[in-house]
1. Taking region 104-141, which residues are among the hydroxyl-bearing types (Ser, Thr, Tyr), at pLDDT 95 or above and surrounded by 15 or more Cβ atoms within 10 Å (Cβ to Cβ)?
2. Any idea which residue in region 15-44 is surrounded by the most Cβ atoms within 10 Å (Cβ to Cβ), counting only those that are in contact (Cβ under 8 Å) with a residue 40 or more places away in the chain and farther than 23 Å from ARG109 by Cβ?
3. Which one of THR121, THR142 is out of contact with any Lys or Arg (no Cβ under 6 Å at 6 or more places or on another chain), outside any loop (DSSP other than H, G, I, E, B) and either over 18 Å from GLU14 (Cα atoms) or not aromatic (Phe, Trp, Tyr) (or both)?
Amino acid sequence: MSAIESLRANVGTEISLSDWLTVDQDRIDRFADVTGDHQWIHVDRERAAAGPFGTTIAHGFLTLSLLPALSSQTWLALPGVLGGLNYGLDRVRFLTPVKCGDRIRNRVRMLSFEDRGPGRTLISNEVTMEIDGAAKPALVATTLVMVLSAP
């Protein structure tokens, strides 16, 4: 059995849990600059302090963009695996805003494993971005990764 085929045994199981990452105002501001989204709830500390969350919050898409950094995909280091490409998202739900200073981490559970021809395997994962101390996660998404391997 090849290393890539051994991944099939992980369907239905948690395959990674990241370390905690603190989302600070500098990261939020830099994301605002890159995307041009300077809505006050993200960047205006004084106005946000009087707003619904008592502080600034991270952009939902900032939280989503942190998934690759927080998704330890150890299977990418398996013999014969050349890499993984983002293939898409089937579902994304933003459940709880990430406040400035919150710590987040990501849980990844493999949902499916599908052979797509020589050297290509499509893996679907459920990712849950947790907020330290929060009852609900920041987001839950179904991600698709095309794993490229030596044929």
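The values are calculated or read from the model by the stated rules, or taken from the named source; none is laboratory data. Computed from a prediction, not measured in an experiment: that's the story for all the values here. Here the Cβ is made from the backbone with ideal geometry for all residues, glycine too, and neighbour counts use every protein chain on show.
1. Step one: filter region 104-141 for residues among the hydroxyl-bearing types (Ser, Thr, Tyr), giving 112, 121, 124, 128.
Next cut, at pLDDT 95 or above only: 112, 124, 128.
SER124, THR128 - these are the residues of region 104-141 that are among the hydroxyl-bearing types (Ser, Thr, Tyr), at pLDDT 95 or above and surrounded by 15 or more Cβ atoms within 10 Å (Cβ to Cβ).
2. Residues of region 15-44 in contact (Cβ under 8 Å) with a residue 40 or more places away in the chain: 15-25, 28.
Now restrict to residues that are farther than 23 Å from ARG109 by Cβ: 22, 24-25, 28.
On the way: THR22: 11, ASP24: 13, GLN25: 15, ILE28: 20.
For region 15-44, the residue satisfying everything is ILE28.
3. Values: THR142 fails: out of contact with any Lys or Arg (no Cβ under 6 Å at 6 or more places or on another chain).
Matching residue, one of THR121, THR142: THR121.
Yes or no, residue by residue, for (1) touching a Pro at 6+ places or on another chain (Cβ under 6 Å); (2) surrounded by 13 or more Cβ atoms within 10 Å (Cβ to Cβ); (3) β-branched (Val, Ile, Thr); (4) closer than 24 Å to THR143 by Cβ:
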position	(1), (2), (3), (4)
THR13	no, no, yes, yes
VAL81	no, yes, yes, yes
ARG93	no, no, no, yes
VAL98	no, yes, yes, yes
